[in-house]
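Take a look at the structure below.
The values are calculated or read from the model by the stated rules, or taken from the named source; none is laboratory data. Because the structure is predicted, anything quoted here is derived from the model rather than measured. A quick note on method: Cβ atoms are made from the backbone with ideal geometry, for glycine too, and the neighbour counts reach across all protein chains shown. Please note that ligands, DNA and RNA were not included when accessible areas were found on the heavy atoms of the full protein model with its side chains. Shrake-Rupley method; radii C 1.70, N 1.55, O 1.52, S 1.80 Å.
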Amino acid sequence: MFAKSMLKRAVSWLAVAALMACTTTATPGATSATASAQGAPTVAEAQQFVTDAEAQLAARSEYENHIGWVYSTYIQHDTEWLAQRADSEGTQLRVRLASQAARYQNLQLPPELRRKIDLLRLSLTLPAPQRAGAADELAAANNRMASLYSTSKVENDGHQYTLDALEARMATERNPARIQEMWTKWHNIAGPMAHDYAQMVSISNEGARELGYPNVGDYWLSNYDMPAADMEHEVERLWGQMQPFYEQLHCYVRARLNQRYGNAVQPATGPIRADLLGNMWAQEWGNIADIVGPPTRGGYDLTRLLNQQHYYYMRCAKTGERFYTSLGLAPLPDTFWERSQLVRPRDRDVVCHASAWDLDNANDVRIKMCINIDADNFQTVHHEM
C-alpha cells in the first residue's frame, strides 16, 4: 500500500515540476565566502563538526517530536503556534549545518564520515534561505496548510464529515454521483492553500539555491548517492520496465469499471476517473476489489469478518502486535499503549493520517491514527506497527 502524503512533513513528488520551474542555475555544493576565509579544512575538523552536529540534531529531534505529537493530537491555536516555531527553529538549525557542511565537500574523508557530511547537506525536506524571517514564513505557510487539511470537514447527506470518516464512506459507496460529490467536496478544501503552496515553493527554491542547488527538485534528487541527473535517468529506466505491466493493469481496471458503470461514467478508453477508485488520493484500488478483482471461488470479506468478530480499535492494534511477536520480535512497551492515539478523540481536532513515531530514538514509540473497523485500517495498523 502506498503511504498517503502528509503536507506537514513532505511535499508530493508530483510537485517536483513546480519546484523546478522558474529557477536560476547554481553549482551544487558552492561554499560561502565566510567558510572559505577559515583556511583549509582538515579531517579532524570535519569529524568534530559531525560529532557536534549529531549531538545538536539528536536533542533537537526529541524536542520537535514531542511538540509535533502534541500538535498532531490536539490541534488548536497554541499548539499551532508551538509547531510553527519549532519548525522554523529546526529549519534554521539544519540550514546552518548544511551550509557549514559544504566546507568539507571537497575534502578527502573516510567513507563513513563522507556520508555523514553529505547527509547533513541534504537533511532538509524544504530548505529555507538564511535571510531574516524566511524560515518563519516557510513554517507559517506549511502550518496553515497542515491545519486546514487536518481540521476541515465537508457536508454530505446533511452531516459534517472529517476526512477519515469520508474515506470510510467513499470506500463502500458505489453510486458514481455520490462518489463524485464526496471526492469533489473534499478536494475543494485545497483551494485556500494555493497562496501558501506557491509561497512554500518560492521560499524553498530560494533556500535550495543558497545551498548550491538549482531548485528543490534537484536538491531532493541529489539524496540518492548519485548526481541528480543520474537519479532522474534511473527513475525513468525503472519506470520503463514497469510501464508495460502498469498499462495492462490500468486497461484491465478501466474495462471492469466501464462494465460496471457504462461509457457515460467511465469511458472504455482514456484515463480512469479518479474518484471511482474508492480512495481519496486515487493511489490504489483495493477498496473496489469487488468490482475490479478477478473472479475467484470462495474468498472472504475482511471488513465483514472483523465486524462479525466484534473487533474494535484496541483489538485491531493488539492483533497487529501479535503478528510481530509471533515472528520473535519483542512486545511493545507499556508506554506505547499509554501514549498512542488509536481512535479519534471526541473533544478536539487531530491529525488522523496514520503515522508511526519514535520520539526519543530509544523506547518512546507510538502510533497516531484514527482506527475504523475495516480491511484498509486493519492493514494500516500492521503497516504502522
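When each of the peptides 182-189, 217-224, 62-69 is scored by how many other beta carbons lie within 10 Å of its residues on average, the order from highest to lowest is 217-224, 62-69, 182-189.
Placing a pseudo-label 7 Å from each Cα along the Cα-to-Cβ vector at Leu302 and Asp360 gives an inter-label distance of 3.4 nm.
Each residue of segment 284-354 gets 170 Å³ once the volume of the Cα convex hull is shared out per residue.
For Asn156, the residues whose amide H sits under 5 Å from its own are Tyr161, ignoring neighbours fewer than 5 places away on the same chain, with H placed 1.01 Å from N. Within the chain, DSSP assigns beta bridges of which about 90% are antiparallel (rounded to the nearest 5). For the chain, carbon and sulfur atoms together expose 54% of the accessible surface, with a 1.4 angstrom probe and every protein chain in place. For Lys318, the aspartates and glutamates whose Cα comes closer than 19 Å to its Cα, not counting residues fewer than 8 places off in the same chain, are Asp334, Glu338, Asp358, Asp364, Asp374, Asp376, Glu384. The solvent-accessible area of His383, taken with every protein chain present and a 1.4 Å probe, is close to 110 Å².
If you take the alpha carbon atoms of segment 29-147 and fit the smallest convex hull around them, that volume is 104 Å³ per residue. Would you please classify the overall shape of segment 213-331 from the alpha carbon gyration tensor, given that a ≥ b ≥ c denote the square roots of the eigenvalues, rounded means a/c under 1.5, and beyond that prolate means a/b larger than b/c while oblate covers the rest? It comes out oblate by the Cα gyration axes. Counting Lys and Arg as +1 and Asp and Glu as -1, each charge on the Cβ, what is the dipole of the chain about the Cα centre in debye, to the nearest 20? It works out to roughly 740 debye. Across segment 151-226, the relative contact order, built from alpha-carbon pairs under 8 Å that are at least six residues apart, equals 18 percent.
The distance from the alpha carbon centre of segment 60-90 to that of segment 92-129 is 25 Å, rounded to a whole number. In whole angstrom, note down how far apart the Cα centers of segment 280-320 and segment 338-385 are. Each part reduced to its Cα centre gives a spacing of 19 Å.
Fully extending the segment from Leu113 to Asp290 would add 58.5 nm, taking 0.36 nm per residue of separation and subtracting the current Cα-Cα distance. Protein heavy-atom accessible surface, 1.4 Å probe, per residue over segment 126-244: 47 Å².
Here the contact order of the chain, divided by its residue count and restricted to Cα pairs under 8 Å and six or more residues apart, works out to 20 percent. Normalised by the number of residues in segment 188-305, the mean separation of alpha-carbon contacts (under 8 Å, six or more apart) gives a relative contact order of 11 percent. Peptides 290-299, 249-258 ranked from most to least packed give 249-258, 290-299, packing being the mean of other C-beta atoms within 10 angstrom over each peptide's residues. A value for semi-axes √(5λ) of the Cα gyration tensor in Å was derived from the coordinates, and within the list (i) 60, 33, 18; (ii) 41, 22, 20; (iii) 40, 26, 22 it appears as (iii).
A straight chain from Arg322 to Arg60 at 0.36 nm per residue would run longer than the Cα-Cα distance by 91.0 nm. Site pair Glu45 and Ala268 shows an inter-label distance of 7.2 nm when each label is modelled 7 Å from Cα along Cα→Cβ.
What's the local net charge at Arg96, with K and R +1, D and E -1, over the other residues with C-beta under 14 Å away? Here the charged neighbours net out to +2.
To the nearest 10, the accessible area of Glu54 is 90 Å² with a 1.4 Å probe. Dipole orientation for segment 51-186: of the candidates Gln92, Leu57, Leu107, Leu107 has the Cα lying most toward the positive pole (charges on Cβ; Lys, Arg +1; Asp, Glu -1).
By the helix-only formula, in which each DSSP H run with n ≥ 4 contributes -39500 (n - 2.57) and the sum is divided by residues, the chain has a 222 nm mean residue ellipticity of -17500 deg cm²/dmol.
For Glu210, the shell of other residues with beta-carbons less than 14 Å away shows a net charge of +3, using +1 for Lys and Arg and -1 for Asp and Glu. Between Tyr312 and His383, how high is the FRET efficiency from 1/(1 + (r/R0)^6) when r is the Cβ-Cβ distance and R₀ = 22 Å? Nearest 0.05. After rounding, the FRET efficiency stands at 0.70.
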